[in-house]
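Inspection log for the structure reproduced underneath, given as structure tokens.
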Amino acid sequence: QVRLVESGGGLVQTGGSLMLSCAASGDIFDIYATAWYRQAPGKQREFVATITRGNTDSYTDSVKGRFTISRDNAQSMVYLQMNSLKPEDTAVYYCNAKTKNRDYWGQGTQVTVSS
């Protein structure tokens, strides 16, 4: 079992920055990749960024050059640095951990970008 707890969301103006954190506990050595997803009101949950155990990262096109995903060496923390935020980035952001058997999800953290 893996438990994920997100933090760092909040209200920010257009062009501002936020850093989200995801703390993982439990069977963290089973995790081979961690990702951030987001869900805006009335929309489906969408992929934002992912980072593998080997530190290979990838991003959805809309956040490339603005967001950076990173993790600590022990893999217990994953971060999402979000710069140049736009109103369309407003969503609940979820941390996701992938293991061989299943995915795990956090409870989400709200990010609101005001125009």
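The values are calculated or read from the model by the stated rules, or taken from the named source; none is laboratory data. Computed from a prediction, not measured in an experiment: that's the story for all the values here. Neighbour counts are summed over all protein chains in view; Cβ atoms, including those assigned to glycine, are modelled from backbone coordinates with ideal geometry. The accessibility values were calculated without ligands, DNA or RNA, using every heavy atom of the protein model including side chains. Shrake-Rupley method; radii C 1.70, N 1.55, O 1.52, S 1.80 Å.
Hey, any hits in the stretch 16-30 for a residue that's among the acidic types (Asp, Glu) and closer than 13 Å to Tyr93 by Cβ? Give the derivation first.
First, pick out the residues of the stretch 16-30 that are among the acidic types (Asp, Glu): 27, 30.
When the remaining residues are screened for being closer than 13 Å to Tyr93 by Cβ, the result is none.
No, that holds for no residue.
Do we find that Asp30 is more than 11 Å from the chain's Cα centre (by Cα), open to solvent by 40 Å² or more (accessible area, probe 1.4 Å), in contact (Cβ under 8 Å) with a residue 40 or more places away in the chain and under 18 Å from Val5 (Cβ atoms) in this structure? Steps first, please.
Details: more than 11 Å from the chain's Cα centre (by Cα): yes; open to solvent by 40 Å² or more (accessible area, probe 1.4 Å): yes; in contact (Cβ under 8 Å) with a residue 40 or more places away in the chain: yes; under 18 Å from Val5 (Cβ atoms): yes.
Answer is yes for this residue.
Do you know which residues across the stretch 4-36 are more than 13 Å from Val78 (Cα to Cα) and not β-branched (Val, Ile, Thr)?
Residues of the stretch 4-36 that are more than 13 Å from Val78 (Cα to Cα), as a first pass: 9-18, 26-27, 29-30.
Listed by number, the residues that qualify are Gly9, Gly10, Leu11, Gln13, Gly15, Gly16, Ser17, Leu18, Gly26, Asp27, Phe29, Asp30.
Please find, within the stretch 14-23, the residue that is farthest from Ser114 (Cα to Cα) out of those that are open to solvent by less than 90 Å² (accessible area, probe 1.4 Å) and under 12 Å from the mean Cα position of the chain (by Cα).
In the first step, residues of the stretch 14-23 are kept if they are open to solvent by less than 90 Å² (accessible area, probe 1.4 Å); the result is 14-18, 20-23.
If we keep only those that are under 12 Å from the mean Cα position of the chain (by Cα) too, we end up with 18, 20-23.
Values: Leu18: 13, Leu20: 18, Ser21: 21, Cys22: 24, Ala23: 27 Å.
Filtering the stretch 14-23 for residues that are open to solvent by less than 90 Å² (accessible area, probe 1.4 Å) and under 12 Å from the mean Cα position of the chain (by Cα), the one farthest from Ser114 (Cα to Cα) comes out as Ala23.
Here are some conditions: (1) over 18 Å from Asp103 (Cβ atoms); (2) surrounded by 15 or more Cβ atoms within 10 Å (Cβ to Cβ); (3) modelled with pLDDT under 95. Asn55 meets all but one. Which one does it not meet?
(2)
Filter the stretch 58-76 for residues that are surrounded by 15 or more Cβ atoms within 10 Å (Cβ to Cβ) and modelled with pLDDT of 95 or more; which is farthest from Tyr94 (Cα to Cα)?
Among them, the one singled out is Arg66.
Scan the stretch 99-111 residue by residue and report those that are part of a strand (DSSP E or B) and open to solvent by 50 Å² or more (accessible area, probe 1.4 Å).
Selection gives Asp103, Trp105, Gln110.
Can you tell me which of Gly65, Gly54 is closer than 24 Å to Gly16 by Cβ and among the small types (Gly, Ala, Ser)? Reasoning before the result, please.
Values: Gly54 fails: closer than 24 Å to Gly16 by Cβ.
Being closer than 24 Å to Gly16 by Cβ and among the small types (Gly, Ala, Ser) holds for just one of Gly65, Gly54, which is Gly65.
If you check Val5, Val48, which single one turns out to be surrounded by 14 or more Cβ atoms within 10 Å (Cβ to Cβ) and at pLDDT 95 or above?
Every option except Val48 fails the conditions.
If you take the residues of the stretch 84-98 that are in contact with a strand residue (DSSP E or B) (Cβ under 7 Å, 6 or more places away or on another chain) and polar (S, T, N, Q), which of them is least open to solvent (accessible area, probe 1.4 Å)? Don't jump to the end; show me each part of the working.
Step one: of the stretch 84-98, the residues in contact with a strand residue (DSSP E or B) (Cβ under 7 Å, 6 or more places away or on another chain) are 85-87, 89-98.
Restricting the remaining residues to those that are polar (S, T, N, Q) gives 90, 96.
Values: Thr90: 35, Asn96: 0 Å².
So, considering only residues that are in contact with a strand residue (DSSP E or B) (Cβ under 7 Å, 6 or more places away or on another chain) and polar (S, T, N, Q), the one least open to solvent (accessible area, probe 1.4 Å) is Asn96.
Of the residues that sit in the stretch 33-45 and are within 16 Å of Thr109 (Cβ to Cβ) and among the charged types (D, E, K, R), which one is surrounded by the most Cβ atoms within 10 Å (Cβ to Cβ)? Reasoning before the result, please.
As a first pass, look at the stretch 33-45 and keep what is within 16 Å of Thr109 (Cβ to Cβ): 34-41, 45.
Right, trim to among the charged types (D, E, K, R) and you get 38, 45.
Values: Arg38: 23, Arg45: 15.
Among residues in the stretch 33-45 that are within 16 Å of Thr109 (Cβ to Cβ) and among the charged types (D, E, K, R), the one surrounded by the most Cβ atoms within 10 Å (Cβ to Cβ) is Arg38.
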